[in-house]
Amino acid sequence: MTRAQILEADLTWTGAAFESGVQVRIDDDGRIAAVGRLDQRPTLRLRDRALLPGFVNAHSHAFQRGLRGRGETFPQRSGSFWTWREAMYGLIEGLDAQAFYRWSLQAFREMRAAGITSVGEFHYLHHSPGGEPDFALDELVLKAAARAGVRLVLLQAYYASGGICRPLAGAQLRFRVPSPAAH
């Protein structure tokens with residue numbers, strides 16, 4: 001639980017300009033309750049700092065944090081979206097719930113540290129290894145974002161095929177949802 005406080009930085013972005021004398025009241029839940037010239041004694045004075053609103057990451061696949069260093073290096077002239085895609089499928093074939101949660105949490109913490117406070121998570125990796133429709137990973141991505149302190153809009157992605165005129169196969173079976181209206 002957060003303690004209520006009044007923040008005042010040297011400068012605060014108001015939407016039109018950076019201004020001095022602007023205060024931010026944080027309530028007991030850690031939420032912004034008011035912003036403006038509140039004429040209150042600051043409980044936290046941020047000298048030589050500027051306050052900005054949080055940034056929005058409008059397109060994320062947090063579990064892909066586990067791909068860093070795995071999907072970028074290929075022999076000269078052989079890398080493409082398709083080789084990256086195969087590296088991603090290799091990652092998820094055996095990806096268990098613990099690693100999914102750990103990588104999602106790490107990605108959201110990195111976002112938060114960079115000033116991102118809201119994220120649109122394009123979520124398509126729903127199921128545990130084996131592809132049985134358990135939707136075990138849906139709740140974990142929500143839990144990871146909440147723990148990192150990032151607001152999340154869960155954008156459920158619907159995969160109907162594994163390629164042009166091809167059914168879902170292999171690692172793609174973990175994306176399967178019976179219809180766009182399901183879950």
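The values are calculated or read from the model by the stated rules, or taken from the named source; none is laboratory data. Just so it is clear, the structure is predicted and the values come from calculations on it, not from any experiment. All Cβ positions, glycine included, derive from the backbone under ideal geometry; neighbour counts span all protein chains shown.
Tabulated data
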read-out: Single residue of segment 11-24 satisfying the filter (within 26 Å of the chain's Cα centre (by Cα) and buried (at least 17 other Cβ atoms within 10 Å of the Cβ)) that is nearest to Asp48 (Cα to Cα); value: Thr12
read-out: Residue list for segment 155-183, restricted to those being at pLDDT below 90 and either assigned to a helix (DSSP H, G or I) or in contact with a strand residue (DSSP E or B) (Cβ under 8 Å, 6 or more places away or on another chain) (or both); value: Gln156, Ala157, Val177, His183
read-out: Residue within segment 114-124 that is assigned to a helix (DSSP H, G or I) and surrounded by fewer than 18 Cβ atoms within 10 Å (Cβ to Cβ) present; value: no
read-out: Inter-residue pairs, beta-carbon under 7 Å, first at pLDDT below 95 and polar (S, T, N, Q) and in segment 54-70, second crowded, with 17+ Cβ neighbours inside 10 Å and assigned to a helix (DSSP H, G or I), 6+ apart; value: Gln64/Met88
read-out: Pair list, Cβ < 7 Å and 6+ apart or interchain, from segment 154-183 residues that are loosely packed, with under 12 Cβ neighbours inside 10 Å to residues that are hydroxyl-bearing (Ser, Thr, Tyr) and part of a loop (DSSP other than H, G, I, E, B); value: Pro167/Ser161; Pro180/Tyr158
